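Here the structure comes first, spelled out in structure tokens, and everything after it is commentary.
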Amino acid sequence: MKTKLFSLAIAIVAVLTFSSCGTYNDMVTMEENVNAKFSEIDNQYQRRSDLVPNLVETVKGAGERESKTLTDVIEARAKATSVTIDASNLTEENLAAYQKAQGELGMALSRLMAVSEAYPDLKTNQNFLNLQDELTNTENRILVTRTEYNTAAQDYNTTIRLFPKNIIAMIFSFKAKPYFQADEEARKAPKVEFKF
């Protein structure tokens, strides 16, 4: 009888061990997926940042009166590139600072694009039009990659919170990943005034 109980106990321990190994490996895979998605976001932000100097130079030649807007873009780019984050230090606070710096650059670029409308030379400058298209494509890629990251983070966060997986997550220090949030400016309703 003791031999059967001992064999049963060993079988249960073996099943739990193998199950735990599978769960651990799944969590590692999901965490690596989140990290890869975040890296792609960072790549797209870097791509946008790399477009800024050429864009500024192109606008500078056509719109000399807009030095304040150009300075704002240059300063926002410098700030955005100085706030660094990687997958190993993804916390709510770090991601919020990163997102804020990137949002400020995005707003400065939007103002630059709006100002450029006042210059007919820019509207026909092929270099400017190409850069504008590149910037638009990059902004679209940023939106897509942020959505993909949030989806991967949600899957990972859900997995590490489910019982009994949360026990393994706690033992091996798997931490929840933060989400990208809507930019503060996007949350504000536009002010519309009709003048009659």
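Past 26 Å, Cα to Cα, is the threshold; run LYS100/LYS177; LYS100/LYS175; LYS100/LYS165; LYS2/LYS165; LYS79/LYS175 against it and keep the listed order. In this structure, LYS100/LYS165; LYS2/LYS165; LYS79/LYS175 lie more than 26 Å apart at Cα. Full extension of the chain between LEU129 and THR158 gives 6.1 nm of extra length, using 0.36 nm per residue less the Cα-Cα distance.
The simple Förster model, with R0 at 30 Å and r as the Cβ-Cβ distance, assigns ASP86 and ASN25 a FRET efficiency of 0.85.
Read-outs: derived from the displayed coordinates by stated rules, not from any lab. Since the structure is predicted, the reported quantities are computational estimates derived from the model, not experimental observations. Cβ coordinates were reconstructed from backbone atoms using ideal geometry, including for glycine residues, and neighbour counts include every protein chain displayed.
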